[in-house]
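Worksheet for the structure shown next.
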Amino acid sequence: MESKQIKLEVKDVDGRSNTKIIEFDGDLDSTNVESTLDKVNTIYGEGVANIIADFSKLRYVNSTGLGILLHISKTAKTNRWTFKIAKVNDNVFEIIEIIGANTLLDIYDTIEDALSSLN
């Protein structure tokens, strides 16, 4: 089975050294959840407390991918960090909604909305 690539681009947020935006580009599934989790854990490990996942270029997520998003979200809450998701396209949101994860994840329409929800 061919591995689908996901690209994670980390961006700084002006005036918020403890916040990063991660742009997800591609498909999030069982072929790349571990590398995605490693990348997110590394960012939190560097002292970042807030991560906003920009899903505007995320084409697809499956149940394994959603599982890792829920895991990241739960870990963030446990450690008093935040993990917020913004700009989810309709296809991906539909998958999140079918599984019922939309009530468990912090999802915002825009990056600005997600940023303004931070303390």
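Taking first residues from segment 33-53 that are farther than 16 Å from Ile111 by Cβ and partners that are hydrophobic (A, V, I, L, M, F, W, C) and in a helix (DSSP H, G or I), the Cβ contacts under 7 Å between residues at least 6 apart in sequence or on separate chains come to Val33/Ile68; Thr36/Ile68; Leu37/Ile68; Leu37/Ile72; Val40/Ile72. Criterion applied to Ser30, Ser73, Ser17 was being in contact (Cβ under 8 Å) with a residue 12 or more places away in the chain and either surrounded by 20 or more Cβ atoms within 10 Å (Cβ to Cβ) or part of a strand (DSSP E or B) (or both), and the one residue passing it is Ser73. Can you spot a residue in segment 79-89 that is in contact (Cβ under 8 Å) with a residue 24 or more places away in the chain, at positive phi and touching an Asp or Glu at 6+ places or on another chain (Cβ under 7 Å)? So far as segment 79-89 goes, yes, one or more of its residues are in contact (Cβ under 8 Å) with a residue 24 or more places away in the chain, at positive phi and touching an Asp or Glu at 6+ places or on another chain (Cβ under 7 Å). Evaluate the following for Leu70: is it of a type outside the set (Phe, Trp, Tyr) and either under 16 Å from Gln5 (Cβ atoms) or under 11 Å from the mean Cα position of the chain (by Cα) (or both)? Criteria met by Leu70.
Can you tell me which residues in segment 76-103 are in contact with a helix residue (DSSP H, G or I) (Cβ under 8 Å, 6 or more places away or on another chain) and not in a helix (DSSP H, G or I)?
Going residue by residue through segment 76-103, those that are in contact with a helix residue (DSSP H, G or I) (Cβ under 8 Å, 6 or more places away or on another chain) are 76, 79, 81-88, 93, 95-96, 99, 101-102.
Residues satisfying the conditions are Asn79, Trp81, Thr82, Phe83, Lys84, Ile85, Ala86, Lys87, Val88.
When restricted to residues that are in a helix (DSSP H, G or I) and modelled with pLDDT of 95 or more, segment 37-63 contains 9.
Answer with yes or no whether Phe93 is under 15 Å from Leu115 (Cβ atoms), surrounded by 15 or more Cβ atoms within 10 Å (Cβ to Cβ) and among the aromatic types (Phe, Trp, Tyr). Before the answer, list the steps.
On the way: under 15 Å from Leu115 (Cβ atoms): no; surrounded by 15 or more Cβ atoms within 10 Å (Cβ to Cβ): yes; among the aromatic types (Phe, Trp, Tyr): yes.
It is false that Phe93 is under 15 Å from Leu115 (Cβ atoms), surrounded by 15 or more Cβ atoms within 10 Å (Cβ to Cβ) and among the aromatic types (Phe, Trp, Tyr).
For segment 104-119, enumerate the residues that are part of a helix (DSSP H, G or I), among the small types (Gly, Ala, Ser) and touching a residue at least 12 places away in the same chain (Cβ under 8 Å).
Our first condition is that a residue be part of a helix (DSSP H, G or I); within segment 104-119, this holds for 111-116.
The next check asks that each one be among the small types (Gly, Ala, Ser); those that pass are 114, 116.
Answer for segment 104-119, where residues must be part of a helix (DSSP H, G or I), among the small types (Gly, Ala, Ser) and touching a residue at least 12 places away in the same chain (Cβ under 8 Å): just Ala114.
The values are calculated or read from the model by the stated rules, or taken from the named source; none is laboratory data. Here the structure is a predicted model, which is why all the values come from computation and not from measurement. Here the Cβ is made from the backbone with ideal geometry for all residues, glycine too, and neighbour counts use every protein chain on show.
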